[in-house]
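Student: Here it is, the structure in full.
The values are calculated or read from the model by the stated rules, or taken from the named source; none is laboratory data. From a predicted model like this one, the values you see are computed outputs, not experimental measurements. In this analysis, Cβ positions are derived from the backbone assuming ideal geometry, glycine residues included, and neighbour counts consider all displayed protein chains. In case anyone asks, the SASA skips ligands and DNA or RNA and just uses the protein heavy atoms, side chains included. Shrake-Rupley method; radii C 1.70, N 1.55, O 1.52, S 1.80 Å.
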Amino acid sequence: MKYCIGEFSSLLGITRDTLRLYEKHDIVRPVKDRHNSYRYFNDLDARDLLMSRWYRSLQIPLQDVASLIQNASLDDILNKMEQSKRELEEEIRKSTMLLHKLDELSREVQNLEGRLYRCTLGDRPGLYRLKQTDKNHLLNTKGLEGTINALMEVLPYSFYCFRIDPDSIESEAEGLEYSWGLSISENEVHQLGITLDEHLEYIPPSRCVTSVILSPQSEDFTKESFRFMLNYINEQHYAISGAVTGRLMLTENHEGTKRSFLEIHIPIENSY
């Protein structure tokens, strides 16, 4: 039998736009009536169309579906199914990672106030970091667009990280030399299976004294903001063993003032 586009779409439960798309990919080939220019579909078109929709339900791309409908052996069909299976497995892996990340971040937010200005010991993983500021002033990063885009593509696993020069920690001056930049932990680089370029600084893993502070967004870092951590290190007879690092965890608007929760890591070693 012959069916006009409206009747055919209604019988198969698909839209006219979808029919036109499948016609564009040469999956169905309606016959045009030369008298009225109407296009008519037949029962075999219905079979091809339903088979195509079945392939699409397996997340096989439409252009590949077209090739399967037009000229495909059993091996071709099996290969496309295996390819779709691999892609779905990768999608599930990434979604599972994201779910675990959301669990981790949710726990951090719940515990945030309890960590404020309390010192703990922990192991900070290695970091890959791109310097993007001098203190709070953005630097000209022309030529680094590819590196920046690569780190932005892996959000929320990358994060905004500060690094305080170790010499300025030892200095008598209250001001600090520091910078901000996008970073990602060595652990998550391996989990994501990504490749990073030579523009990133590597900060090795370290045993650290860690705490969380609140900092007005508009203010520069001073030693006073984490003086309690330096005092703790002295009391416990530790020595600072490298650059202080940390990350921007969250920013909230509190009584009209934006303030940031910052996690600070001070690498330590035993003092003899």
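Student: Per residue, how much accessible area does the chain show when a 1.4 Å probe rolls over the protein heavy atoms, in square angstrom?
Tutor: Values: 16670 Å² over 272 residues.
Accessible area per residue, the chain: 61 Å².
Student: Still on this structure: Please label the shape of the stretch 1-54 as rounded, prolate or oblate, based on the square roots a ≥ b ≥ c of the eigenvalues of the alpha-carbon gyration tensor (a/c under 1.5 means rounded; beyond that, a/b larger than b/c means prolate, else oblate). Can you show the working numbers first?
Tutor: Working: a/c = 1.63, a/b = 1.51, b/c = 1.08.
Prolate is the answer for the stretch 1-54, as a/c is 1.5 or above and a/b outweighs b/c.
Student: Follow-up. Leaving ligands, DNA and RNA out of it, report the carbon-plus-sulfur percent of the accessible area of the chain at a 1.4 Å probe.
Tutor: On the way: 8190 of 16670 Å².
The computed percentage sits at 49.
Student: Using a Gaussian network model of the chain whose springs link C-alpha atoms within less than 10 Å, name the residue from Ser84, Ser225, Ser73 with the highest mean-square fluctuation.
Tutor: It is Ser73.
Student: Using a 10 angstrom cutoff on alpha carbons, build the Gaussian network for the chain and name the most mobile of Glu23, Glu188, Glu252.
Tutor: Judging by the Gaussian network model, the answer is Glu23.
Student: Taking the Cα centre of the chain as origin and charging only Cβ (+1 Lys, Arg; -1 Asp, Glu), how large is the dipole, in debye to the nearest 20?
Tutor: Values: 32 positive and 43 negative charges, 267 e Å.
My answer is approximately 1280 debye.
Student: For the chain, modelled as a GNM with alpha-carbon contacts under 10 angstrom, which of Arg16, Arg115, Arg86 fluctuates the most?
Tutor: Arg16
Student: I need the P(r) histogram for the stretch 51-96: all alpha carbon pairs, bin width 10 Å from 0 out to the longest distance, whole percents.
Tutor: Using 10 Å bins, I get a P(r) of 28, 52, 17, 3 for the stretch 51-96.
Student: 222 nm [θ] for the chain, helices only, -39500 (n - 2.57) per DSSP H run of 4+, per residue, to 500?
Tutor: Numbers: 9 runs with 113 residues, N = 272.
Value at 222 nm, helices only: -13000 deg cm²/dmol.
Student: Contact order normalised by length for the chain, with contacts defined as Cα pairs under 8 Å and 6 or more residues apart; what percent is it? Let's see the in-between values first.
Tutor: Numbers: 374 pairs, mean separation 43.6, N = 272.
Relative contact order of the chain: 16 percent.
Student: Determine the shape class of the stretch 1-114: with a ≥ b ≥ c the square roots of the Cα gyration tensor eigenvalues, call it rounded for a/c under 1.5, and otherwise prolate if a/b is greater than b/c, oblate otherwise.
Tutor: Values: a/c = 4.67, a/b = 2.27, b/c = 2.05.
Prolate shape, in that a/c is at least 1.5 and a/b is the bigger ratio.
Student: Compute the semi-axes of the equivalent ellipsoid of the chain, taking the square root of 5 times each eigenvalue of the Cα gyration tensor, and list them largest first in whole Å. Can you show the working numbers first?
Tutor: Details: eigenvalues 715, 76, 60 Å².
Taking √(5λ) for each Cα gyration eigenvalue gives 60, 19, 17 Å.
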